[in-house]
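Here the structure comes first, spelled out in C-alpha cells, and everything after it is commentary.
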Amino acid sequence: GAVVSQHPSWVICKSGTSVKIECRSLDFQATTMFWYRQFPKQSLMLMATSNEGSKATYEQGVEKDKFLINHASLTLSTLTVTSAHPEDSSFYICSARALLGQETQYFGPGTRLLVL
Amino acid sequence: AQKITQTQPGMFVQEKEAVTLDCTYDTSDQSYGLFWYKQPSSGEMIFLIYQGSYDEQNATEGRYSLNFQKARKSANLVISASQLGDSAMYFCAMREALYITGGGNKLTFGTGTQLKVEL
C-alpha cells in the first residue's frame, strides 16, 4: 500500500516551453500533496503544499506563477513549470499524505527535468 | 538555527555490521513527528521509520530502529546487519505541530548522510 506515482520520470525540453508533471496516489486518498525540488547532492526543498480543491500554499521564494499547482482530486496533483529555463532543471519529487490517521508522507519516484 | 541537523555527510560500514546515523532536531512544539527516509541513486524517497513525540517506545521496523532521546532532541537511526543494498542517502525529517487541525503539515529535512556498505 501507500504507492505514489509520478509521470513523466524524465523530461527534456527547450527553453520557453511548459512542462506538466503528474503526481498520483494509487491506493489511497491524499488530502494533502507536497511538491519538492532537489538539486544534486542536496536535501529536499519544499516548494508548495496543495490541498484538494483549494489553492496551493507556496513556500517563500517560490514563484506561484512560475510553478502552477493544481490538486484536482484526492488522488491527483499536477505541477506545471511554465516557460521553463535552464535554471529550472532539477529533480522534482512529490509526496502525499493520507486522508486520515497517517502522519507519514509517501513519495513518488521523482521527475528529472532538463531544460536546454 | 537548523531544525534538523545531520552531522555526518558520509559513513562507511562493513556488511553485516550495525551502523548509527545521527540526527538532532530543534523545535519548541510539544507534538511533532520524526521520520527517516532512504534515497538510493535512483532518486525515490523510501519511508523507513516514524517516531511520534509522545511515543514512549522507540520505533522499530525490521532492521531499522530509531533511538529517540527526547531530552537530548536526538533521533538516531540504527541499521542492524547492514546489507549492500543499504548503500544510499539517508534523510532525517521532522513534522511539527502534529494533531492540530490545520497545523503544519510540512516536513523539514536534514542535509542527509550518504551511507556506503562495504564487503
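Since every read-out is calculated from the coordinates, none of them should be taken as a lab result. Quantities reported herein were computed from a predicted structural model and do not represent experimental measurements. In this analysis, Cβ positions are derived from the backbone assuming ideal geometry, glycine residues included, and neighbour counts consider all displayed protein chains.
The table that follows gives values for the structure above.
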{"read-out": "Residues whose placed amide H lies under 5 Å from that of A:I21, excluding near-sequence neighbours", "value": "A:L79, A:T80, A:V81"}
{"read-out": "Relative contact order [Cα under 8 Å, 6+ residues apart], chain B, whole percent", "value": "36"}
{"read-out": "Sparse-neighbour loop sites [trypsin sites (Lys or Arg not before Pro); region A:23-85; at most 11 other C-beta within 10 Å; DSSP]", "value": "A:K41"}
{"read-out": "Long-range HN-HN contacts of B:C23 with modeled amide H, under 5 Å", "value": "B:A75, B:N76, B:L77"}
{"read-out": "Whole-Hz ³J(HN,Hα) from phi, Karplus 6.51 cos²θ - 1.76 cosθ + 1.60, for region B:72-77, glycine and proline x", "value": "8, 6, 10, 9, 6, 9"}
{"read-out": "Within chain B, longest stretch free of exposed GluC sites (Glu not before Pro) [DSSP loop, at most 14 other beta carbons within 10 Å]", "value": "B:57-119"}
{"read-out": "Built amide H within the under 5 Å cut-off of A:Q29, gap 5+", "value": "A:L99"}
{"read-out": "Cross-link pairs beyond the 30 Å C-alpha cut-off, checked among A:K66/B:K3; A:K66/B:K116; A:K20/B:K116; A:K20/B:K73; A:K20/A:K41", "value": "A:K66/B:K116; A:K20/B:K116; A:K20/B:K73"}
{"read-out": "Alpha-carbon Rg/Rh ratio, for chain A, with Rh computed the Kirkwood way", "value": "0.95"}
{"read-out": "Kirkwood hydrodynamic radius over Cα pairs of chain B, then Stokes diffusion coefficient at 37 °C and 0.692 mPa s, in µm²/s", "value": "227"}
